Amino acid sequence: MQHLRSGNDTAVKGQKKPVKMKNSFRIWFILLGFVCVCGVDSANVTIQSNPPMSGGFVQTKPEDTVSLTCTAIDSAVPEELQWFRNNQEVSLKDGNRVNTSHVCVQPVSRDDNTVIFTCQLRSNANAKASIQLEVQYPPTLGVHEEKWVEEGSNTVLSCDVRAYPPVSVVWKKDDKLLDLSSSSYKTSNNGMTATLSISKVKQDMHQGLYTCEVESSIFGITGNNFTITVTDKVTKFPLGPAIAGVVVVLATILLATISRWDRIMKCFKKD
Ligand SMILES: *[C@@H]1O[C@H](CO)[C@@H](O)[C@H](O)[C@H]1NC(C)=O
Ligand SMILES: *[C@@H]1O[C@H](CO)[C@@H](O)[C@H](O)[C@H]1NC(C)=O
């Protein structure tokens, strides 16, 4: 840069006192300027990954390891590197910062899905490169559940459908697709939990084996089962016999008290 500026000065002076600059000098200045620009500003970084990335993504799965290496390229001077995990700086040990820097994700977890790792030069944040993790995992769904539901009450079945790539969900009863036009069924799915709500359960209509069946483009079809047994409406507390029982107990106490009445009266008289 210094060389370019002094070149301009000469040119300005040249206007007052026309001194023709030698062509060879001009080329010399231009060349020096070019070298300066290349040497200082063209340093950049590149990321290599294991497993290798494709299209800016690294495909992986839970429990695996992803290692990333960032290298400063075309740098004339030692360059300090920085790593960011989703905009949060990763702290690096000494000896893992200059020219080349490694970071490791070990073990990969489901929460690492869509996380972006960025490496950049501390001296120039425009010199940076990024990769994104794509963590593929199947849904967990849950285990076979047995439910006893009282006739006339409501119940909810739910499946953990979190997965990547996302899955599609259908509900079945006794291996047949559920007829959702029936007003007693309602479904929901927010990508985390899929639910089937059944209202006003009736034994003849609703008792049976239910399945949430999910389909993944990678992991295929899986499901979880629920057995619903509809129980009779629990009869209210039998009031008649209970009252009779209480009456008998009270009567017994009363009779016992009367038979000891004189002794009790003596006690009172003592006082
Ligand atoms: C980093 O790279 C620069 C320029 O290529 C070189 O001069 C320097 O010795 C390197 N430093 C380390 C620690 O590798
Ligand atoms: C570094 O390279 C990336 C693409 O790999 C580019 O987008 C960016 O502009 C470059 N930065 C500099 C300072 O050259």
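For the range 165-194, what are the residues that are open to solvent by less than 70 Å² (accessible area, probe 1.4 Å), of a type outside the set (Val, Ile, Thr), farther than 22 Å from Val230 by Cβ and in contact with a Ser or Thr (Cβ under 9 Å, 6 or more places away or on another chain)? Hits for the range 165-194 are Pro165, Ser168, Ser188, Ala194. For the range 43-79, which positions are more than 16 Å from ligand 1 (Cβ to nearest atom) and in a strand (DSSP E or B)? Within the range 43-79, Ile47, Gln48, Ser49, Asn50, Ser54, Phe57, Val58, Gln59, Thr60, Val66, Ser67, Leu68 qualify. If you go through the range 172-187 and keep only what is of a type in the set (D, E, K, R) and part of a loop (DSSP other than H, G, I, E, B), you end up with Asp174, Asp175, Asp179.
Residues of the range 80-122 that are among the basic types (Lys, Arg) and within 16 Å of ligand 1 (Cβ to nearest atom): Lys93, Arg97, Arg122.
Within the range 183-200, residues that are among the aromatic types (Phe, Trp, Tyr) sit with their Cβ atoms under 7 Å from residues that are in a loop (DSSP other than H, G, I, E, B), at 6+ positions apart or across chains, in these pairs: Tyr185/Leu178.
Scanning the range 80-96 finds one or more residues that are within 16 Å of ligand 2 (Cβ to nearest atom), among the acidic types (Asp, Glu) and touching a strand residue (DSSP E or B) at 6+ places or on another chain (Cβ under 7 Å).
Taking the range 195-206, which residues are in contact with a strand residue (DSSP E or B) (Cβ under 8 Å, 6 or more places away or on another chain) and either among the hydrophobic types (A, V, I, L, M, F, W, C) or open to solvent by 70 Å² or more (accessible area, probe 1.4 Å) (or both)?
Within the range 195-206, the first condition is being in contact with a strand residue (DSSP E or B) (Cβ under 8 Å, 6 or more places away or on another chain), and the residues that meet it are 195-199, 201-203, 206.
Correct list: Leu196, Ile198, Val201, Lys202, Gln203.
Annotation: Thr222 fulfils all but one of (1) hydroxyl-bearing (Ser, Thr, Tyr); (2) at pLDDT 95 or above; (3) surrounded by fewer than 16 Cβ atoms within 10 Å (Cβ to Cβ); the unmet one is (3). Of all the criteria given as (1) more than 16 Å from ligand 2 (Cβ to nearest atom); (2) farther than 19 Å from Gln59 by Cα, the one not satisfied by Tyr137 is (2).
Scanning the range 65-79 for residues that are buried (at least 16 other Cβ atoms within 10 Å of the Cβ) and of a type in the set (Asp, Glu) yields one hit, Glu79. For first residues located in the range 41-58 and acidic (Asp, Glu), partners that are at pLDDT 90 or above and lie 6+ apart or on another chain with Cβ distances below 8 Å form the pairs Asp41/Asn124.
The values are calculated or read from the model by the stated rules, or taken from the named source; none is laboratory data. Here the structure is a predicted model, which is why all the values come from computation and not from measurement. A quick note on method: Cβ atoms are made from the backbone with ideal geometry, for glycine too, and the neighbour counts reach across all protein chains shown. Ligands, DNA and RNA are stripped out before the accessible areas are found, and what is left, the full protein with its side chains, is counted by its heavy atoms. Shrake-Rupley method; radii C 1.70, N 1.55, O 1.52, S 1.80 Å.
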